[in-house]
Each structure stands twice: as C-alpha cells, then as structure tokens.
Amino acid sequence: MKSKGFNAYTKYVILQHALKEDNVSRTCELFGISRTTFYNWQRAYQQHGIIGLEGKKRQKPQMPNRVSKTIEQEILAYVAKYPADGPKRIYYELKAEGINIGETGIYNVLKRHELTKKAQRIEYSTKKPHHIKVNRKDNKKMLGILNSKEGYPGYLVIQRIDFIGTFEDIGRIYQYSFYDTFSKWGEVKIYNKKQDINIWHYFERKLIYLLETFNLNIENLITEKEREFLPYFVKGDKYKEILEDFHINHIFVSPEDTDILDDIMRFNEFLVMEFYNKVPLNDNLDSFIKVENAINNFIREYNFCSIIPNGSNAGKSPAEVVLERATENGADLDTLPLWLLALINSPKRGGRVE
C-alpha cells in the first residue's frame, strides 16, 4: 500500500505495531512504507496526537505576484506614455504614487501583454492614448495646502535633487536641497557620485536633528518627482518609516503639475549664482571635500546672517523666523548647542534671501 492511502487511524495502528514489535524496519516492510514516512508520522503523533496524523488539506496556492485589474491598467497607461521604461523604472514611478507592486509583478503584466521588449512597448504606445491616472486624493491635499492661509516654519517644505555640473579637478556635483517656504531656511547636501545619494539617511541624521533641537515638525513635505532622481526618494522603506514616525504628509509632484516648486527653484538659482559659479574662480576649491565644506559654510551663513527682503518676515534672517516658532512651541533656547548660540548672535549681513 502507498503511504498516501492511509487514514489517521491506520497510521496510528502502524505506529502501535512498531512499538509492540520493537522493530521499525520490519513494520515498514510489512506495510510498504519508508522509514522516513514512519518517523514523520511518529513525530506528528508525538506533537499533536492522532489529529496530527490526519492528511493535510491542500491549500490554495498563493499568488504573490498576481496583479489587480486596476494596477494592471496603471502599468499599461504608464507604458503608453513612457515606452522606453522597463520594470524597474515603472516600479519606482508607481511606488511614488503609493502603488505597491514588485518588479516581478510588473514584468508579468508586461509579459502577458507581450510588452517585455522596448520595441514592443514603443509600438504599443503609438496605438494607446498617453494618459496616466492622477491620484485625486493627493491633488486635493495639495490644493488645500496651497490655498491655506497658515504660515509657520515646517508647514510647507520642498525637497529635490539636481545635477549641478562637472567641475575641473572636482568632478560631478549632485545636490539635494531642502527648503522651508515660510522661513526661507535651506539645507543642502552634495554628492560627487550618483550611487552615493542617500536622501533619507541625511534627512534622518541632519534634518530630524534640527527639528528636534528647535522643537519643530514638518506638516507637509513636497518632493519634486524628477524621473532621473525618483529612485533615490523611494528606494527601500526608510522614507516611509520617517514619514510615519514624524506624521509628515508627503506628496510627490511633477515639475509641470504646479508652480509650488518656484520657491525652491529660486533658492537653487541663488546658490548657482552666488556659490557654484564662483567655484572655478577659487583656486583653493580644488577637491570635492573642500567644495563640500565651503557649501556647508555658505548655507550656514545664509540661514543665520542673510536678511529676508520682503513679506511678513522682512528684515529677519531665516534663523530668527525659526527661533520665533521654536519659542512659541516651548523650546528652551538656553539649552541649544553652543555652536547654534554662536551663530544666532552672529551679525546679520545685507545679503538677500531668495
């Protein structure tokens, strides 16, 4: 008899037979089962009793990469608009829209529709309308933010990545910038290799430190969804952990979708005019490390010494605006680090804040 033909009671009888005869090999030979099967039954009986000898019901196979019709349509709509992009690029774009599906699932959709090759996707795009569904919930949030009359440091913050350029003896410079639209406070981190860009490590190490120091928080964080740099914002799960831990409303926006990015664009143009354009003229800035130290000092002076020329905060430095909010939130300024106190007491300069 084959082992799969035994019911729970018969298996129990076989186990008892071997116990009585004190001979497992002879019992297995007699009933036509292997020693492995016997010991599996014995282990199941010892752990669960006779119930453990009942045949396991076949479970419905799991389909981890099965994709819903809605997500499948999102993938196909994306292919119609950007046929040159493969599964990895599609994965990052959909993740930015809050759609969680792995590369394998995306590849399976492309395979079902015979779109795994670039030429196939290009042909498909010529026959389908170039339309990608818009996340209306996020749009409503964004409109609410833009139309709100609330204003304080941390209410609306924008971040983006730029390729600044290639400098002789220094190499390439990629810049991550973070800009608070109310206080005009800015932060910058530069990289000389694209693969070294780690947005959320810097966000956690530097920006969260500042928020905790000033007893502030970020209400709304806008990220510019540049296709070239999008993977650096959505890679891994660290960004989700930070957003959830600090209750930050995060929204991706495309450059063509809104003029909300004008503030950070003006900030970066200011950095190019006042700092990066002067790098080739400074013989002392002959390495990436030196440029990195120089931009850090430049941003520090910008935040603590520059003057906001107009608006409700005219005549103040970005740091003064932030400190006023910190005081309102109950921060004890006497406990601030000494380096911060020294900067706060630095004389303001006439340089304009962009």
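Return yes when Asn284 is over 30 Å from Lys316 (Cα atoms) and crowded, with 16+ Cβ neighbours inside 10 Å and no when it is not. Walk me through how you get there before you give the answer.
Values: over 30 Å from Lys316 (Cα atoms): yes; crowded, with 16+ Cβ neighbours inside 10 Å: no.
No; evaluated as a whole, the condition is false for this residue.
Yes/no per residue for (1) of a type in the set (Phe, Trp, Tyr); (2) under 21 Å from the mean Cα position of the chain (by Cα); (3) not assigned by TED's automatic domain parsing to the domain that holds Gly171:
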site: Phe229; (1), (2), (3): yes, yes, no
site: Ile242; (1), (2), (3): no, yes, no
site: Val253; (1), (2), (3): no, yes, no
site: Ser287; (1), (2), (3): no, no, no
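So, in the range 14-29, exactly how many residues are in contact with a helix residue (DSSP H, G or I) (Cβ under 9 Å, 6 or more places away or on another chain) and surrounded by 13 or more Cβ atoms within 10 Å (Cβ to Cβ)?
7
Take the residues in the range 288-324 that are of a type in the set (Gly, Ala, Ser) and out of contact with any strand residue (DSSP E or B) (no Cβ under 9 Å at 6 or more places or on another chain); name whichever of them is farthest from Asn217 (Cα to Cα).
Start the filter on the range 288-324 by keeping residues that are of a type in the set (Gly, Ala, Ser), which leaves 294, 306, 311-312, 314-315, 317, 319.
Keeping just the survivors that are out of contact with any strand residue (DSSP E or B) (no Cβ under 9 Å at 6 or more places or on another chain) gives 294, 311-312, 319.
Details: Ala294: 28, Gly311: 23, Ser312: 21, Ala319: 15 Å.
Here the answer is Ala294.
Say whether the condition of being assigned to a helix (DSSP H, G or I) and β-branched (Val, Ile, Thr) is met by at least one residue in the range 278-286.
There is at least one residue in the range 278-286 that is assigned to a helix (DSSP H, G or I) and β-branched (Val, Ile, Thr).
Which residues, taken from the range 312-331, are in a helix (DSSP H, G or I) and over 24 Å from Phe298 (Cα atoms)?
Of everything in the range 312-331, those that are in a helix (DSSP H, G or I) and over 24 Å from Phe298 (Cα atoms) turn out to be Thr327, Glu328.
Failed condition for His201, given (1) crowded, with 17+ Cβ neighbours inside 10 Å; (2) over 23 Å from Glu324 (Cβ atoms), with all others met?
The single condition His201 does not satisfy is (1).
Being acidic (Asp, Glu), without any contact (Cβ under 8 Å) to a residue 60 or more places away in the chain and surrounded by 15 or more Cβ atoms within 10 Å (Cβ to Cβ) is true for just one of Glu103, Glu93. Which residue is that?
Glu103
So, restricting to strands (runs of 3 or more DSSP E) that lie completely within the range 149-216, which ones have at least 3 residues that are hydrophobic (A, V, I, L, M, F, W, C) and closer than 26 Å to Gly330 by Cα?
Correct list: 156-167.
Hey, any hits in the range 325-332 for a residue that's more than 25 Å from Leu221 (Cα to Cα) and modelled with pLDDT of 90 or more? Before the answer, list the steps.
At the first step, the residues of the range 325-332 found to be more than 25 Å from Leu221 (Cα to Cα) are 332.
Next, only the ones that are modelled with pLDDT of 90 or more stay: none.
No, because not a single residue in the range 325-332 is more than 25 Å from Leu221 (Cα to Cα) and modelled with pLDDT of 90 or more.
Check Asn249, Asn310 and return the single one that is surrounded by fewer than 19 Cβ atoms within 10 Å (Cβ to Cβ), farther than 30 Å from Asp85 by Cβ and either free of Cβ contacts under 8 Å to residues at least 24 places away in the same chain or not aromatic (Phe, Trp, Tyr) (or both).
The conditions single out Asn310.
For the range 221-240, which residues satisfy the criterion of being farther than 19 Å from Arg205 by Cα and of a type in the set (Phe, Trp, Tyr)?
Filtering the range 221-240 down to residues farther than 19 Å from Arg205 by Cα leaves 222, 224-231.
Result: Phe229, single match.
Is it the case that Gly32 is out of contact with any Ser or Thr (no Cβ under 9 Å at 6 or more places or on another chain) and modelled with pLDDT under 90?
Considered against the rule, which asks whether it is out of contact with any Ser or Thr (no Cβ under 9 Å at 6 or more places or on another chain) and modelled with pLDDT under 90, Gly32 comes out as no.
The values are calculated or read from the model by the stated rules, or taken from the named source; none is laboratory data. Since the model is a prediction, treat every value here as computed from it, not as a measurement. Using ideal geometry, Cβ is built from the backbone for each residue, glycine included, and neighbour counts are taken over all protein chains shown.
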